[in-house]
Every structure is written in C-alpha cells, then in structure tokens.
Number of protein chains: 2
Amino acid sequence: MDTDVSMQMNRLGRERSSDRPVLMAIAGDSGTGKTTLTDGLVKALGRERITSIGVDDYHRYDREERKSLPFTPLNPKCNYIDIMEQDLQHLALKQPILKPIYDHDTGTLGRPEYIEPREFVIVEGLLPLFTKLSRACFDVTVYLDPPEEIRIGWKLGRDTKKRGYTEEQVREELGRREPESEEFIRPQRSYADIVVRFSHIEERGESPSDPLSATLLLRPTINHPDLSSILSEGTRQAMHLKLSRDSDGKPVDAVHIHSYAETAITKKVELGIWDELGTEEPLPESLGMIDGVRDEPLALTQLILLYHLIQAREA
Amino acid sequence: MDTDVSMQMNRLGRERSSDRPVLMAIAGDSGTGKTTLTDGLVKALGRERITSIGVDDYHRYDREERKSLPFTPLNPKCNYIDIMEQDLQHLALKQPILKPIYDHDTGTLGRPEYIEPREFVIVEGLLPLFTKLSRACFDVTVYLDPPEEIRIGWKLGRDTKKRGYTEEQVREELGRREPESEEFIRPQRSYADIVVRFSHIEERGESPSDPLSATLLLRPTINHPDLSSILSEGTRQAMHLKLSRDSDGKPVDAVHIHSYAETAITKKVELGIWDELGTEEPLPESLGMIDGVRDEPLALTQLILLYHLIQAREA
C-alpha cells in the first residue's frame with residue numbers, strides 16, 4: 001500500500017508529461033519574502049504563462065472565529081489541508097480549481113476564485129510542503145529561511161504599513177505564533193530542493209544598514225545548473241559555491257551571492273546560468289526589483305528559480 | 001483512450017467498494033420538487049447518515065453579473081460544471097469537498113462550505129446528470145418530470161411566497177428559461193434510472209383540486225424491487241405495474257401510485273417493498289410529509305428511492 005501511494009505521488013510531479021504545468025512551492029513563515037520572490041518570477045514570465053496562488057487562502061476559520069480558538073493560522077488544524085492537497089493535485093494534472101479566498105484586510109472568507117493552471121504555477125504560503133501528498137505535486141520546492149531578526153523587521157514593516165496593525169500587536173502575535181512556527185512551519189525546510197537565506201554575512205563585517213547578501217542551499221534532489229563550470233576566480237566577487245553540510249549533516253551545495261559585487265560581474269554570472277538552459281528566450285530584465293530598485297542577490301536568486309521552472313518545463 | 005476513461009468512470013460509481021458512500025442524483029428543472037423529495041430521504045435516514053448537496057451552488061455568476069449575460073442559470077456555461085465533476089468524484093471516493101455557496105435570497109456567491117460525505121449523498125439540482133463524468137459518479141439517478149402546468153404552479157407558489165418575486169416576474173423568467181430548459185435540462189431525463197412524474201391521471205377523471213398521483217418509470221439500468229411479487233389484485237388500488245415503452249420507444253416498467261388508495265393497502269405495499277430489502281432497520285415513519293401532511297404517493301416514491309440507497313449500500 002505504502003509503495004503504491006508513493007509511486008502514484010511521484011508520478012504526479014516529477015514524471016510530468018510535457019503538457020502538464022510545472023509546479024513550484026515557495027514555503028516560509030509569515031514575512032519571509034514569499035510574495036516579493038514570487039512577484040519577480042511572475043513579472044519575468046508574464047501572467048499569460050504563469051499562475052500564482054497563495055495557499056493561506058485555505059484558512060478554515062475567519063479572524064473572528066479564530067479569536068476563540070486555541071491555535072493560529074500556522075496550525076494545520078486552522079487550514080483545509082485536505083482541500084489544498086486536492087487542489088494541488090488538480091493543478092498538477094492541468095485541471096482548474098475553485099480556490100477559496102481569505103481577505104487579509106478584512107480577515108473574512110469570501111467568494112472563491114476559478115483558477116486555470118498555466119505553463120507554470122507558483123504555490124506560495126505557510127504550509128504548501130506540510131504533507132507528503134502536497135509535496136509530491138511539486139516539480140521544485142523552495143523554503144525561505146531568513147534569520148529571525150530580519151524576518152521580524154520585514155513583518156513589522158509590512159503589517160504596520162499595509163495591514164493596519166501596531167508594532168506591539170505584531171510582536172504579541174509573533175510570540176503567540178512561535179510554538180506553531182517551530183512545530184509546523186520550520187520542519188518544511190527539510191523538504192525543500194532549495195533553501196534561500198537573505199542575510200548579512202557577519203564574517204565579512206556586514207552591518208544591518210548594508211544590503212543583504214543571499215545564501216542558497218542547493219540540495220541534490222533536483223538537477224541544478226552546473227555552477228562549477230560557470231563560476232571562476234573572476235566571478236567569485238558575485239557568487240561562489242561551497243560544498244557544505246546542512247544543519248542535519250547531509251551534504252549540500254551552498255551558493256553565496258554577494259550584494260557588494262560589481263554589476264558587470266553579476267551580469268556575467270547571470271548570463272552563464274541562462275546560457276546553460278539553452279533556451280531561445282532572452283534573459284528577463286525585470287528580475288530583482290524591490291520597491292523600484294534592483295537588488296542583485298534577489299535577481300540571482302530569482303534567476304536560479306526561473307532556471308528550474310524552465311528546465312522542468314523542458315524535461 | 002475512450003475505453004480507459006469509460007472503465008475508470010464505471011468504477012467510480014457502480015463498482016463501489018463497501019466503505020464508499022452511495023451517491024444518488026435528483027435532477028430536474030426549477031420547481032419540480034427536488035427539495036421536497038430530498039428532505040424526506042434526509043429525514044428518514046437522519047443527518048448523521050446522509051449528506052445532501054445542491055449543485056446549483058456551482059453557479060459561475062451572481063445575480064448582478066447575470067443581468068448582462070445572454071444565458072440563464074440553466075445553461076452549463078453559467079455553472080462551473082468542471083468543478084462540479086471534480087467534487088462529485090471526490091465525494092464518490094469518500095473525500096471531502098469545499099463546496100461553493102450561492103445564496104438564493106440575495107443572489108450572491110459567498111464563503112464556501114466544507115462537506116464530508118456520509119454513508120449516503122444526495123446531489124440535487126438542475127444539471128447533476130449533464131456530463132458523462134458526472135453521471136458516472138452516481139449509484140442511482142433520478143429525474144423529476146412533472147407536467148409543465150404542475151411545475152409552473154409549484155414554482156409560482158415557492159418563488160412568490162419564499163423568494164419575493166411577483167407572479168409576472170416568475171412567468172417572464174420561465175419564458176426566458178424555456179429554450180435552455182429544452183436544450184440542457186430535459187435531455188437529462190434519458191440518463192435517469194428512475195423518472196418520477198407527479199400528476200393527475202386524466203383517464204381517471206382526476207381534476208386539479210384532487211391530490212396528485214405518481215408515475216415512476218423504472219429503467220432496467222439498476223435492480224429494482226421485485227414488484228411483481230409484492231403487488232397483487234388486492235394492492236392494485238394503491239400501486240400497479242405495467243410493462244410499457246418510454247417516449248423513445250425503449251422498454252420500461254411504469255409504476256402507477258394512486259393518491260386515492262386506502263391507507264391500509266398503501267401500507268401493505270410499503271411493507272412488501274421494505275421486506276425485500278431484508279434489512280434490520282425499521283421502515284421509517286417520516287416519509288411522504290409535505291407541509292405537515294402525509295402524501296401517500298410521495299411516501300411510496302421516497303420509499304423506492306430509499307430502497308435503492310440502502311440496496312446500493314449493501315451491494
């Protein structure tokens with residue numbers, strides 16, 4: 001039985017027939033930059049080729065109902081995980097879904113939305129990698145893992161500016177969520193093909209006012225671009241690769257992307273990665289934009305995700 | 001390919017493994033008595049054993065949006081037929097669904113509802129039998145086919161008393177709907193295992209003020225109770241069976257259920273049908289209630305549907 005289910009699940013994602021969409025998960029806690037990362041990929045490919053959905057719409061309760069409940073939205077019990085699994089399977093099989101909608105402004109659940117998968121589907125949210133069946137639907141899985149102090153800064157900025165909360169409210173909510181973050185959100189990190197960490201590199205003496213560098217852990221669970229042939233001493237300033245061990249001791253490639261690199265060198269790395277795809281499409285110019293400014297580590301991170309989307313499509 | 005799909009579809013419904021729910025469709029135009037028929041079955045079995053859903057909730061547009069569209073809710077284009085098909089398959093496989101909700105009072109689409117199938121699922125609405133895949137999900141299919149003047153009377157009564165329309169508005173809407181009723185609703189009659197017609201029997205000189213008799217066409221597509229062994233000259237007053245041809249010339253059993261029969265004789269027929277089930281459960285007392293009064297033809301019709309639900313469950 002177990003073998004059958006597992007075989008069936010593998011079939012859903014990895015052994016994709018060519019007309020099925022490519023599904024990418026972008027998982028991570030609240031305020032880790034899922035939307036920023038997703039938006040750049042959608043802009044690069046265009047809305048006619050890529051669908052993005054947020055699985056936090058699968059909330060089981062509205063804000064009012066949650067007040068009397070002993071868990072936060074991070075808890076699987078607070079979400080229709082079974083319906084999310086069904087819908088991910090439908091999308092992976094190129095079928096439409098009627099996705100529920102949670103309105104973050106009003107905290108209410110409303111009229112669902114009809115969604116047809118395009119060539120590419122990005123599924124971002126708190127729990128897209130929570131179950132074995134949900135994970136099996138994806139061609140590429142990403143987990144966002146910024147240091148906690150950076151995440152809190154990002155979340156404070158967004159929730160006070162865009163969602164009308166006070167700083168005190170956000171901090172109180174973060175405290176309330178921490179046990180469930182530990183129990184349900186962070187374990188998803190171990191299921192990601194790529195772990196993305198935007199942070200300052202302390203060994204280089206970077207300070208909180210400097211732009212963020214990025215570290216990508218590339219797990220040997222999918223085929224990554226052959227960075228060893230792209231990178232050289234001359235590109236080391238922009239990106240370098242290091243064979244490493246993950247926190248659980250498993251081998252992993254760690255790619256460091258430096259914010260301080262010269263644009264010309266970053267560009268050379270980008271073109272090298274893009275060339276490896278062997279695609280006719282030009283390298284999108286729109287990557288890495290955040291609040292109207294281009295951020296090179298974000299651009300390179302998005303480029304690597306884009307590489308995987310296109311590669312999976314052509315596989 | 002065609003054979004594979006068809007085999008798969010047959011498997012969904014008819015070759016049901018014993019822990020899967022029994023699905024019954026009750027299809028028919030607006031005002032044909034679907035809710036009355038369904039309510040009696042739900043009451044007889046109890047809400048802990050039976051789930052009923054209305055597939056008119058799969059409306060694609062709300063009332064406001066429909067005003068500028070060239071079709072009525074009877075048109076498949078006005079409904080998420082593909083999502084209905086998905087959800088019927090989920091229910092047939094004992095999986096939960098997140099069903100959309102259309103509010104008939106306000107004409108709006110709202111927060112969807114989480115539904116888990118119980119032992120029995122009744123799916124009533126305008127178009128549950130519209131596609132081959134939807135039909136394949138059912139163990140038993142029923143079509144309600146009252147004469148048009150009776151349907152119009154029922155619809156006028158309900159829509160003016162319970163939905164706040166004027167008689168003129170209802171008649172205008174009926175005219176607008178007629179072409180789509182002919183094109184999309186009535187063809188479903190040919191896919192039903194049982195066609196139910198509540199009407200006056202003109203040959204007996206019944207007038208509009210008399211209670212309605214019922215005619216059930218029992219198609220040889222499922223195993224009906226062996227009425228020939230239950231019915232006799234002595235029960236003829238309550239029910240009789242006649243080998244007949246349907247309007248398309250195909251052979252069918254026509255069961256006539258008379259409203260004027262004595263209660264004792266009707267009861268004898270009921271017990272005969274129930275005995276054939278060989279079930280431990282007692283014959284439900286609650287059948288046939290309409291506006292607080294028991295209607296014998298309705299009770300016998302519900303009993304035959306109940307027979308099929310329980311038989312399919314034990315098959």
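Coordinate-derived values only; no laboratory data. Only a predicted model underlies this, so the values are computations on that prediction, with no experimental measurement involved. Every residue, glycine as well, gets a Cβ built from its backbone with ideal geometry; the counts of neighbours run over all protein chains shown.
Things to note:
- Pairs spanning more than 21 Å between alpha-carbon atoms, out of A:LYS155/A:LYS242; B:LYS34/B:LYS250; B:LYS34/B:LYS155; A:LYS77/A:LYS155; A:LYS67/A:LYS132: A:LYS155/A:LYS242; B:LYS34/B:LYS250; A:LYS77/A:LYS155; A:LYS67/A:LYS132.
- Inter-probe distance in nm under a simple model that places probes 7 Å from Cα toward Cβ, at A:GLU285 and B:GLU183: 4.8 nm
- With its label point put 7 Å out from Cα toward Cβ, B:ILE201 sits 9.2 nm from the same residue's point in the other copies, in order from shortest.
- One residue of chain A places its C-beta nearer than any other to the axis carrying A onto B; that residue and its whole-Å distance are A:PRO112, 3.
- Percent RCO, i.e. relative contact order, over segment A:193-315, from Cα pairs under 8 Å lying at least 6 residues apart: 22 percent
- Charge dipole magnitude, Cβ of K and R +1, D and E -1 - chain B, Cα centre, debye nearest 20: 340 debye
- For residues of B:102-109, the mean tally of beta carbons on other chains within 10 Å: 1
- FRET efficiency for A:ASP62 and A:ASP275, using Cβ-Cβ distance with R0 set to 45 Å, rounded to 0.05: 0.35
- Simple label model, 7 Å out from Cα along Cβ direction - B:GLU262 to A:ALA264, nm: 11.0 nm
- Dipole of the protein assembly as shown [Lys/Arg +1, Asp/Glu -1 at C-beta], most positive-end residue of A:ILE304, B:ILE26, B:ILE222: B:ILE222
- Cβ-defined net charge surrounding B:ASP193, 10 Å radius [Lys, Arg +1; Asp, Glu -1]: 0
- Residue order, fewest to most beta carbons within 10 Å, for B:SER286, B:SER232: B:SER232, B:SER286
- Gaussian network model of chain B, springs between alpha carbon atoms under 10 Å - residue of B:ASP159, B:ASP29, B:ASP193 with greatest fluctuation: B:ASP159
- Taking a sphere under 13 Å around the Cβ of B:GLU65 and counting the other residues whose Cβ falls inside, with K and R at +1 and D and E at -1, yields a net charge of +4.
- The protection proxy used here, the mean number of other Cβ atoms lying within 10 Å of each residue, ranks peptides A:194-201, A:76-83 as follows, highest first: A:194-201, A:76-83.
- Net charge of Cβ neighbours under 14 Å - reference A:ARG236; Lys, Arg +1; Asp, Glu -1: +1
- Top positive-direction residue, dipole computed over the protein assembly as shown with Cβ charges, set A:PRO179, A:VAL252, B:HIS256: A:VAL252
- Inter-label distance, nm, simple model (7 Å from Cα along the C-beta direction), B:SER232/B:ARG49: 2.9 nm
- Sites B:THR131 and B:SER199, calculated FRET efficiency, Cβ-Cβ separation with R0 25 Å, nearest 0.05: 0.30
- Per-residue [θ]222 nm for chain B (sum of -39500 (n - 2.57) over DSSP H runs n ≥ 4, rounded to 500): -10500 deg cm²/dmol
- Within the listed set A:GLY272, A:GLY110, A:GLY54, the Gaussian network model of chain A (springs between alpha-carbon atoms below 10 Å) gives the highest mean-square fluctuation for A:GLY110.
- Of the DSSP H helices in chain A, those with a Cα length along their own long axis of 15 Å or more and a mean Kyte-Doolittle hydropathy reaching 0.5 comprise A:296-314.
- Computed about the Cα centre, the dipole magnitude for the protein assembly as shown is approximately 120 debye when only Lys and Arg (+1) and Asp and Glu (-1) carry charge, each at its Cβ.
- Between A:VAL42 and A:ASN223, full extension at 0.36 nm per residue minus the direct alpha carbon distance yields a gain of 62.9 nm.
- Among B:SER68, B:SER134, B:SER213, residue whose mean-square fluctuation peaks in a GNM of chain B (springs only between Cα atoms under 10 Å): B:SER68
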